[in-house]
Amino acid sequence: MSANHLHQLAAWATWAKHHGPLLAGSTCGLVLASQLPRMFAGARQRHHDAHWASRRDLRKAFLLGTSGVVVGRIGGTVLRYHGKGHVFVVAATQTGKSRSLVKSTLLEEQPRTSILVHDPKGELYETTAAYRATVSKVVKLAPCTDTTDCYNPLDAIRLDTEDEFADLGLVASMLVNPEGHTFKSESEEHFVRLAQISLRGLLLYGMQTGQVVGLGDLYGLVTQGQLADAITDMAVATHPIVRESGSLLQSLDEKQYANICICSHDTGHMWEASSPHLLQNL
Ligand SMILES: Nc1ncnc2c1ncn2[C@@H]1O[C@H](COP(=O)(O)OP(=O)(O)O)[C@@H](O)[C@H]1O
Ligand SMILES: [Mg+2]
């Protein structure tokens, strides 16, 4: 590098030192200025983006299909959402949500799917069940009425199969900890586990001996004074699940035993005699 060049470089460095902020500012300005047309173009683009959906847009939004939740109509085409998202409809009461969307959905075949309808007023059942019965199996679950279908959770237990243990455990867990709470302490966890093992064996014992067909019978077995006899029988049973539970219940001290009974009372109180419909239907 020649002395002349060095001199020029030093002069540039001195200038840049004094004018650096200006340089930086103008650089930013330049970059910003160079982006402005694009940003405005973007804004224009976004503005112009608002348009009525084309058929292509509808297809991309999973609204053109032969099944799914009916959400409206465009010309003669019914729009049904058949994507993987949720549909949430909000409008004041009596504005036609049920009539336009829900009933329209239920009054179409909707093949290869199951539909669970929460229908507290029964209006959807009343107006759509007859049609749905022609395209699928309809089950009405309203356990406090005379016209309900029955549901017995114990039917899910596959007795005498390799699934028996897991099925019993699942039903017993759901009974002792129906909300699936996480435990606040080790002792609470231990207690719930004890209750679960006890109920698992009691359930199996009751089902094997024919004393328990539904959950109401289990509640009766625990609460109506035959529990002590059942435990004695269980402790010498041949089935290991029943025997384990019987021995466990026999080994409990009075307080633990009372707690297990209270737990069973708590989970089973809905089957109390004051709810004969429930006793019969669940
Ligand atoms: N498109 C419609 N044409 C005629 N009547 C309708 C229409 N939509 C709703 N209705 C009537 O309006 C009332 C309220 O409708 P509904 O669907 O039950 O409202 P929402 O579920 O929003 O409370 C019903 O009596 C229904 O028959
Ligand atoms: Mg409604």
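The values are calculated or read from the model by the stated rules, or taken from the named source; none is laboratory data. Since the model is a prediction, treat every value here as computed from it, not as a measurement. For neighbour counting, all protein chains shown are included, and Cβ atoms are generated from backbone atoms with ideal geometry for every residue, glycine included.
The table below lists the values:
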quantity: Residue in segment 102-121 that is over 28 Å from Pro143 (Cα atoms), within 13 Å of ligand 1 (Cβ to nearest atom) and of a type in the set (Gly, Ala, Ser) present; calculated: no
quantity: Test: Thr105 is in a helix (DSSP H, G or I), within 12 Å of ligand 2 (Cβ to nearest atom), in contact (Cβ under 8 Å) with a residue 12 or more places away in the chain and not assigned by TED's automatic domain parsing to the domain that holds Gly216; calculated: no
quantity: Failed item in (1) buried (at least 19 other Cβ atoms within 10 Å of the Cβ); (2) modelled with pLDDT under 90; (3) over 28 Å from the mean Cα position of the chain (by Cα); (4) not small (Gly, Ala, Ser), with Thr223 passing the rest; calculated: (1)
quantity: Gly65 small (Gly, Ala, Ser) and within 13 Å of ligand 1 (Cβ to nearest atom); calculated: no
quantity: Which listed residue is surrounded by 12 or more Cβ atoms within 10 Å (Cβ to Cβ) and within 16 Å of ligand 2 (Cβ to nearest atom), from Gly122, Gly83, Gly68; calculated: Gly122
quantity: Selection status of Thr148, polar (S, T, N, Q), modelled with pLDDT of 95 or more and not assigned by TED's automatic domain parsing to the domain that holds Ala258; calculated: no
